[in-house]
Amino acid sequence: MIRFGDVLGLADDALIAAQRLGEWCSRAPEMEEDIALANIALDQLGAARLLFAYAGELEGHGRSEDDFAFLRGDREFRNVQLVELANGDFAVTMAKLLFLSAYQRLLYDRLAGGTDERLAAIAAKARKESAYHVDHSSRWVVRLGDGTDESHRRMQSGVDAVWPYTHELFEGSSADLREPWLAEIDKVFAEATLTRPADGWAPTGGRRGLHTEALSRLLAEMQVLHRAHPGATW
Amino acid sequence: MVTTAQVVDLVAAVRDPELRVVTIGELGIVRDVAVRDDRVTVTITPTYSGCPAMDMIRSDIEAALHAAGFAEVAVDTVLSPAWSTDWISEPGRRKLAEAGIAPPAAGGHRPVSLSLTVRCPRCGSPDTEELSRFGSTACKSLRRCRACLEPFDAVKTL
């Protein structure tokens, strides 16, 4: 039985990831990458909208996609902390995208074959898009990791910085996805000549509404227009 | 009196706003057209979850049917079965190629293959390279032909 909170968590992961990736728009290292990140953000936003619509129906209080995105405070968001962290440099962003999209693909694969028909339909669409996100981010991780001394150093430090936040992805019912996820990540790390960080500190709480300050700043920017001009359209 | 078949044709003839050379019928996103009196319900499926053209397609369908005299038009969206590039018809593929956009490879239901050969839509050479996995829209990548040196868009296999 799929619960409202589970669907909301997936929706929030996708929405917040989309917002962070969108921040690269006009700032990416090259034009093709600018377009790529905007397109990946759009995929994430599309999945988020479908999931919010479903979450609203499960909840049964008539909340719309916009209500979920623009009219909740930080404590009501159920995303993992990984997606809300600031973009950092390009290497940090690629590490975050690789870790998230590899998880999303495994999860969507499972949901696509699950008993909840609505979720299966959303996942069947999203998993093909996730495959492109994994491919794109892993190519960059390999290119930077196996590149110059400087790019290697920064890619490794990006991986080290966000690694602790990956543990939260595998809490609860997705615990058994960590093994196949690690196998995929290890393959990329090997090709990228990167070292997998040791497991230690594992920040948690996102699924219960406990977030870092980074989420509050993100929401302030994302929600300001809607809150200042409720119901605005163009 | 307009027949159901004619309504289906009307809907299928709406052009894709981003791939102007093909219709939404050729793109394979029209799933159902139901006519009851002067009310039409059209069911379409998105190509990509976040495809920004969906709203435009929806309003183009409504405009086409209103122009044909239908007062009430509803456009619903279904997700399942998920669209793949295999739904693009043969005429659709041909028109894409003629417009300089490489059509997708067949077999989009398989996991993403990274070693597909994409032929140059201008000179037909298989010697092409990918410049960017993500092109001007989410559904296209940007490539270049090594033989004739022309850059071109290619519809990604999904």
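The values are calculated or read from the model by the stated rules, or taken from the named source; none is laboratory data. Fair warning: this is a prediction, and the values are worked out from it, not measured in the lab. Note that we place each Cβ from the backbone using ideal geometry, even for glycine, and neighbour counts take in every protein chain shown. Side chains included, ligands, DNA and RNA excluded: accessible areas come from the protein's heavy atoms. Shrake-Rupley method; radii C 1.70, N 1.55, O 1.52, S 1.80 Å.
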Condition test on A:A91, is it closer than 21 Å to A:P29 by Cα, in contact with a Leu (Cβ under 6 Å, 6 or more places away or on another chain) and not hydroxyl-bearing (S, T, Y)?
-> yes
Going by the conditions given, is A:A126 in contact with an Asp or Glu (Cβ under 8 Å, 6 or more places away or on another chain) and open to solvent by less than 60 Å² (accessible area, probe 1.4 Å)?
-> yes
Check B:S84, B:S141, B:S89 and return the single one that is open to solvent by 20 Å² or more (accessible area, probe 1.4 Å) and of a type in the set (G, A, S).
-> B:S89
Can you tell me which residue in segment A:100-131 is farthest from A:D12 (Cα to Cα), limited to those that are facing chain B (nearest Cβ under 9 Å) and among the acidic types (D, E)?
-> A:E117
Those strands (runs of 3 or more DSSP E) completely within segment B:40-158 that have 3 or more residues that are more than 11 Å from every other protein chain (Cβ to nearest Cβ), basic (K, R) and touching a helix residue (DSSP H, G or I) at 6+ places or on another chain (Cβ under 7 Å) are none
Being open to solvent by 10 Å² or more (accessible area, probe 1.4 Å), in a helix (DSSP H, G or I) and over 27 Å from B:T77 (Cα atoms) is the filter here, so list the residues in segment A:36-82 that pass it.
-> A:D74, A:R75, A:E76, A:Q81
Of A:L111, A:L107, A:L85, the only residue that is under 21 Å from A:A214 (Cα atoms) and open to solvent by 10 Å² or more (accessible area, probe 1.4 Å) is A:L85
